[in-house]
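Read-outs: derived from the displayed coordinates by stated rules, not from any lab. All values derive from a computational prediction rather than experimental measurement. Glycine also receives a Cβ, built like all others from the backbone with ideal geometry; neighbour counts cover every protein chain displayed.
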Amino acid sequence: MSLLAFSDFHLAFWSIAVGCVCGVACALLGCFLVLKRMSLLCDAVGHGMLPGIAIVVLLTGTLSSFVLFVGAMVFGVLTAFLAQSLSRFGTVSEDSALGIVFTSLFAVGVVLLSRFLGHIDLDPGCVFYGLFEFVPTKTFILFDVEIPETFSPTLRELIATLVEVPEAFPTMLTALVITIVFVALFWKELQLAAFDPELASAMGYNAQLLHYLLVALVAACSVAAFEAVGVVVVLAMFIVPAATAQMLADRMRPMLLWAAAVAVVAAVVGYWLASPWVFACNVGGMIATVLGAELLLAVLFAPRHGVLAKLVRNFRLTLRIAGEEILAILYRARENQTRVDTFVLKDHGLSRFTIWLALVRLQRQGAIERGASGWQLTDTGAQQAESLVRAHRLWEAFLGENFELPLDHLHAPASRVEHFLGPELQKQLAEQLHEPSKDPHGKQIPPVHEPQMHSDKST
Amino acid sequence: MPILDVHDVTVAYHRKPVLWDVDWTLDEPRLVGIVGPNGAGKSTLIKAMLGLVPLVSGTVNVFDQPVANVRRRIGYVPQRESVDWDFPVSVLDVALMGTYGSLGWFRRPGAKQRALAEKCLEMVGIRDLEQQQIGQLSGGQQQRTFLARALAQQADVYFMDEPFAGVDAATEQAIFQILRHLRQQGKTIVVVHHDLRTVPRYFDHLILLNVRLVASGPTATVFTDENLRKTYGGRLSILETVGAAVQAQERTP
């Protein structure tokens, strides 16, 4: 059947459906591979299964049969097994063993395909790039229904689309269902074997068996997906959603859900971007590109591990340190009865902008005020400053007691550490130093106040 | 009936023996320390007892049975560095893993297992951290998590690989108290240990190991200067030579 016989809606619907189903299945399995730090394995399995496919096609003469899965799974497991044996019995490291085995098997597959299967509809181009656009064009009718004329045109098109299913879809759906059942059934065992395989073995779980089951499923999903998206893009579908999810989630269940969501978004957005109305390009490639973009977004904006979040956290810390330094300077100025108009905090690498921002913040908090005699601490400010100066002088006392340092070397290290000494640590220090009243310079160590300053310490 | 019976065990990695003919029996519940220099085969010995590494020769029996038959009575604390602490699980999830051995395939932990895991976290003093992701913990807290997981295994024999490594003083004390508590309940605990100063205080039975068993028995009689000199005073060079010869021979058949 030609491409033109299908409406745009039909093509779009089934392409996206295929993309979602493949993507989610791969993403779920990918999570376990990424957690086991075995991302390379799906690369290997995806390539190593090619001779399996070639042999099955050679024997049965068709591409869309259940036996194809069996062939792929056998050779997928064989890849993992051979690699493991090679590294155990040969003098080859684990990663090179994997590299040797899968490239060799893939080469055998290419040889078989090019020598015996030139006449069959499985060209190397399809293997590499996939033919996403053609998946929805080979269809079968699910139900032979009469669509009543009274239905609206939209509804009629929807029904017509739903009953005319691409031939590849049921196998892909099967792969997804088997994957979900596998993950649900072996949830606890997969988690344990991925986190601590030795404990799993010590408890009597056959971690090895579970591993090969996982590999077999990876092979099955690869074969389900590779006709559509090609052998290279399948890799992206395994690894990238899982890696993205790892940035976003810190529990197993959310991680799997995130991975599935990332895969679905990539299928929808990727198909749209690859459509004739936008870039008119290879759909599989575009899906993988969108996956990459999603990962990049996660790297930049993930709430805990993202670059932006880290920058914000760092800036907050800098601002807190600047504020505390200002309070300490004002406290000492009050002790020495000197006047403060400007702050220079070169030691801490604080820019003038940061100092200005810290001043604004402290003013708004009511910790400092500017009067006729320069900057002054308010009562709340004085209380905060006291805790800080206490931390500073306690640390100086600690250094003086335990380190061979000249007196003029104590101030700088104490200025660095003082911001991180909360009430609990101050208490421990004071106890260890037998509640000192003076620091090594002879300055008064302020007594404990109700701790407030460090309640928001972010470490 | 001996609790642990290690009979003439030899273990090899890549055919080179790393543990030679270890023969050791424990008849009564004890808090056992395994002590020896780096590369002495301490971890290998407990892995051999757990059935995690293949034996070149010899047998291991636990309660007079092969290890595979009594796995539910055995608890294990691997080295802290052996797992990925960025793994997306909470402290409670890890403690729950201790109950997996008694559940068997397919069964999920339920309310009973959860209560047990929480009780074990309580015992090691980190109940309040149960919802934290394990990567946010300090080294001592991670070790306590592992210990809670082992307690949740409710075993009769425990194997622990360097549970005191890299923990703060408070955690070291807490762990020791729990080990002693287990010991008082009649359990046997076999601990790989590296700090000689604490050996006489912690353990009532000792294995001195350096590729071979140098000495074993009650700490009071075994922990002597002469035995320590034998353990730490270098390998028996003849063993190294024979090991290399075995490896070379088998590589070229």
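Structure summary
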quantity: Gaussian network model of chain B, springs between alpha carbon atoms under 10 Å - residue of B:Asn210, B:Asn38, B:Asn61 with greatest fluctuation; calculated: B:Asn38
quantity: Fewest-first ranking of A:Phe32, A:Phe343, A:Phe81, using other Cβ atoms within 10 Å as the exposure measure; calculated: A:Phe81, A:Phe343, A:Phe32
quantity: Part-to-part distance (alpha-carbon centres) for the stretch A:25-53 and the stretch A:232-247, which is given in Å; calculated: 10 Å
quantity: FRET efficiency estimate (nearest 0.05) - Cβ-Cβ, A:Ser373 to B:Gln154, R0 60 angstrom; calculated: 0.30
quantity: In nm, spacing of pseudo-spin labels at B:Arg180 and B:Asp204 (7 Å Cα→C-beta vector); calculated: 1.2 nm
quantity: The stretch B:81-117-the stretch A:373-406 distance, computed between alpha-carbon centres (Å); calculated: 46 Å
quantity: Exposure proxy order (Cβ contacts within 10 Å, fewest to most) of A:Val218, A:Val77; calculated: A:Val77, A:Val218
quantity: Peptide-level mean, for B:105-118, of C-beta atoms on other protein chains within 10 Å; calculated: 1
quantity: Pair B:Asp64, A:Leu300: separation of 7 Å Cα→Cβ label points (nm); calculated: 7.0 nm
quantity: Expected 222 nm ellipticity per residue - DSSP helices of 4 or more, -39500 (n - 2.57), all of the protein assembly as shown, to 500; calculated: -18500 deg cm²/dmol
quantity: Of every Cα-Cα pair in chain A, the percent that sits beyond 31 Å; calculated: 59 percent
quantity: Compactness relative to 2.2 N^0.38 Å, alpha carbon Rg of the stretch A:211-270; calculated: 1.17
quantity: In nm, spacing of pseudo-spin labels at A:Leu317 and A:Glu149 (7 Å Cα→C-beta vector); calculated: 7.5 nm
quantity: Burial ordering of A:Thr154, B:Thr59, fewest other beta-carbon atoms within 10 Å first; calculated: A:Thr154, B:Thr59
quantity: Those lysines that a straight Cα-Cα span of less than 29 Å connects to A:Lys310, excepting residues fewer than 8 apart in one chain; calculated: A:Lys36, A:Lys346, A:Lys457
quantity: Rounded to whole Hz, the Karplus (6.51, -1.76, 1.60) HN-Hα couplings of the stretch B:200-208, x for glycine and proline; calculated: x, 7, 7, 10, 9, 9, 9, 10, 9
quantity: Within-15-Å neighbourhood charge of B:Val6 [Cβ basis; K, R +1; D, E -1]; calculated: -2
quantity: Cα centroid separation - the stretch A:262-279 against the stretch A:136-155, whole Å; calculated: 25 Å
quantity: Chymotrypsin sites (Phe, Trp or Tyr not before Pro) restricted to DSSP loop in the stretch A:148-206 with at most 14 other C-beta within 10 Å; calculated: A:Phe151
